[in-house]
Amino acid sequence: MNTADCILSRRSVRAFQDKPVPHALFEEIVGLAAYAPSWKNTQITRYIAIEDKAMIAEIAEKYAPFNAHVLSTCPLLVAATVIKKRSGYERDGSFTTDRGDGWQMFDCGIACQTLSLAAHDNGLGAVIMGVFDRPALEKYLAVPDDRELVALVAMGYPAEEPAAPRRKPVEELLSWR
Ligand SMILES: Cc1cc2nc3c(=O)[nH]c(=O)nc-3n(C[C@H](O)[C@H](O)[C@H](O)COP(=O)(O)O)c2cc1C
């Protein structure tokens with residue numbers, strides 16, 4: 001698949017086949033996502049891969065009811081976390097720019113999209129999810145204090161082929177100076 005095909009045909013997939021994702025395949029996908037750019041190459045994104053069905057069901061029920069329909073068939077739930085106080089920071093602990101620690105979200109977003117594209121290129125579907133009870137889920141997953149949970153990514157072999165939601169035209173997205 002070339003880059004344009006991969007970008008254009010990737011969709012948020014919210015229904016999955018009852019088939020596990022091989023560890024070796026997911027490790028390859030994480031290895032590809034490692035090539036996402038990051039603030040001063042700090043590479044702060046860390047993934048927690050959850051494949052225990054009972055755990056995914058508990059997360060759906062207690063911490064992410066809005067996305068319960070996605071989690072009901074998801075064989076691999078990825079919690080994308082970041083190591084805090086690195087991206088956007090100087091060595092002395094001060095912020096480099098007026099964005100403060102906002103760059104850590106930026107880095108994690110790029111990493112999640114790279115992960116999603118790599119998954120798609122390898123025949124998997126994925127959806128990035130932001131709607132969940134973050135503080136409570138951080139406790140449940142025992143995310144260390146120096147890390148923050150940013151997003152959940154449901155992944156698996158697709159059981160649906162969603163149509164692409166409408167995109168805005170280039171004229172609306174772009175202005176020249
Ligand atoms: C930061 C972020 C948060 C999202 N949160 C959710 C979510 O909680 N649940 C969900 O079903 N989709 C979620 N999505 C997926 C978007 O709805 C989806 O990307 C958008 O509708 C465009 O569809 P496409 O990915 O198929 O192109 C999220 C996407 C992003 C980037």
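The values are calculated or read from the model by the stated rules, or taken from the named source; none is laboratory data. This one's a predicted model, so the numbers in the text were calculated from it and none came from an experiment. Every residue, glycine among them, receives a Cβ derived from its backbone with ideal geometry; neighbour counts consider all protein chains shown. For accessibility, only protein heavy atoms count, side chains too; no ligands or nucleic acids. Shrake-Rupley method; radii C 1.70, N 1.55, O 1.52, S 1.80 Å.
Rank 71, 170, 24 by how far each Cα sits towards the positive end of the charge dipole of the chain (+1 on Lys, Arg Cβ; -1 on Asp, Glu Cβ) and give me just the farthest.
So the residue we want is 170.
With +1 on the Cβ of every Lys and Arg and -1 on the Cβ of every Asp and Glu, and nothing else charged, how large is the dipole of the range 1-53 about its Cα centre, in debye rounded to the nearest 20? If you can, show how the numbers build up before the last one.
Values: 7 positive and 6 negative charges, 52 e Å.
Result for the range 1-53 is approximately 240 debye, rounded to the nearest 20.
Tell me the Kirkwood hydrodynamic radius of the range 121-161 in angstroms, computed as one over the mean inverse distance between distinct C-alpha pairs.
On the way: mean 1/r = 0.0834 Å⁻¹.
For the range 121-161, the Kirkwood estimate is 12.0 Å.
Please report, as a whole percent, how much of the solvent-accessible surface of the chain comes from carbon and sulfur atoms (probe radius 1.4 Å).
Details: 5790 of 10550 Å².
The nonpolar share, carbon plus sulfur, comes to 55 percent.
For the chain, what number of Lys pairs, 8 or more residues apart or on separate chains, have alpha-carbon atoms under 30 Å from each other?
Taking the chain as the scope, the lysine pair count is 14.
Probe of 1.4 angstrom, ligands and nucleic acids ignored: what's the accessible area per residue over the chain, in square angstrom? Could you put the intermediate results ahead of the total?
Numbers: 10550 Å² over 177 residues.
Using a 1.4 Å probe on heavy atoms only, each residue of the chain averages 60 Å².
With equal scatterers on the alpha carbons only and no solvent term, can you work out the Debye log10 of I(q)/I(0) for the chain at 0.11, 0.14, 0.18, 0.19 1/Å?
So the normalised log intensities are -0.51, -0.81, -1.22, -1.31.
Could you sort 101-114, 158-171 so that the peptide with the highest average Cβ count within 10 Å comes first and the rest follow in order? Numbers along the way, then the final one.
On the way: 101-114: 19.4, 158-171: 9.7.
Highest to lowest by the protection proxy: 101-114, 158-171.
Of the options 43, 132, 103, report the single residue whose Cα projects farthest towards the positive end of the charge dipole of the chain (beta-carbon charges: Lys, Arg +1; Asp, Glu -1).
Looking along the dipole axis, the top candidate is 103.
For the range 28-87, state what percent of all Cα-Cα pairs lands in each successive 5 Å bin, counting from 0 Å until the bin that includes the largest distance.
4, 16, 21, 18, 13, 15, 11, 2
Using Cα centres only, tell me the gap between the range 27-54 and the range 112-157 in whole Å.
9
Taking the Cα centre of the chain as origin, work out the dipole magnitude from +1 charges on Lys and Arg Cβ and -1 charges on Asp and Glu Cβ, in debye rounded to 20.
Working: 20 positive and 23 negative charges, 71 e Å.
With only Lys, Arg, Asp and Glu charged at Cβ, the dipole is about 340 debye.
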